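Notes for the one structure printed next.
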């Protein structure tokens, strides 16, 4: 592993987390090693559908237009999830293992846990961030529709429930599941979501440049009555306390410290926790010294357009048509202006 972490790479600097194909291979390699007889075709189909959903080429959906909750975050979360599963399954007695079926489901739910940010063709919102406060339910709806298409209809309702471990729309102790192993799967899912976000190379800059912008669109930031953050600087100033509370109440609280199973996966060290600690130490220092201008990374969101380029996918016809109409209108406007100038000089 090189000393300097590369842009768009995971916390180990070995997996390109902006490319669904690369992450799919890494995920399937781990699942295949854990469960040699498991059918991983649903996982591969999920990644293919993910690419179409986020590029805006899946019928009925407009693609990813959020910045913080972009394609890269969901891919990063999925990689963290499969690593948690690997560490857990290799650490516990056979009777406590989750098994291939739950592992496959957990990976797919991680992949689509933010699908609710993707606007449908008939949605009225102008940006997916407007669904911040309801996106988890929308993600559950997407999963309930998708899972039967890959032979997992029996798990659709469970997926709709455990995806809520990534959000705040339902209190954690009100999420109803039938089996303790399903709840443990939810703990891993919620943990993977937090770890992937906060261990991101550009986490602090993404809070400043991307997360505040999303919060402003849903009313959580800005000058509104319900705003929690008044400015990007205010958000950064509150980052350490937010994370401390997150770890106390969720990761080391309700989620029962399942993050420790990453130690087993990595062989005794947890690079996610190390990177998160480094981020929090840094932002705490910068806030106290009033040096937020030292955050100089310039993150790039992997939205629909960027992902289409990565996957060599053409822009969907419905998106190209308005652009062609605008070009024609400009040409017509230019022609009229030329005719007016021509008449004026006669």
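A compact table of results
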| read-out | value |
| --- | --- |
| Unmet requirement for residue 148, which otherwise passes all of (1) part of a helix (DSSP H, G or I); (2) closer than 21 Å to residue 77 by Cα | (2) |
| Among the candidates 155, 173, 193, residue that is closer than 23 Å to residue 69 by Cα and part of a helix (DSSP H, G or I) | 193 |
| Residue 309 being loosely packed, with under 15 Cβ neighbours inside 10 Å, within 20 Å of the chain's Cα centre (by Cα) and part of a helix (DSSP H, G or I) | yes |
| Hey, residue 56 surrounded by 14 or more Cβ atoms within 10 Å (Cβ to Cβ), modelled with pLDDT of 95 or more and closer than 18 Å to residue 315 by Cα or not | yes |
| Qualifying residue in region 61-83 (condition: under 28 Å from residue 276 (Cα atoms), more than 15 Å from the chain's Cα centre (by Cα), at pLDDT 95 or above and surrounded by 21 or more Cβ atoms within 10 Å (Cβ to Cβ)) | yes |
| Any hit, region 147-162, residues being in the same structural domain as residue 198 (by TED's automatic domain parsing), within 27 Å of residue 227 (Cβ to Cβ) and buried (at least 16 other Cβ atoms within 10 Å of the Cβ) | no |
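The values are calculated or read from the model by the stated rules, or taken from the named source; none is laboratory data. Computed from a predicted structure; not experimentally measured. Neighbour counts run over all protein chains shown; Cβ positions are idealised from the backbone, glycine included.
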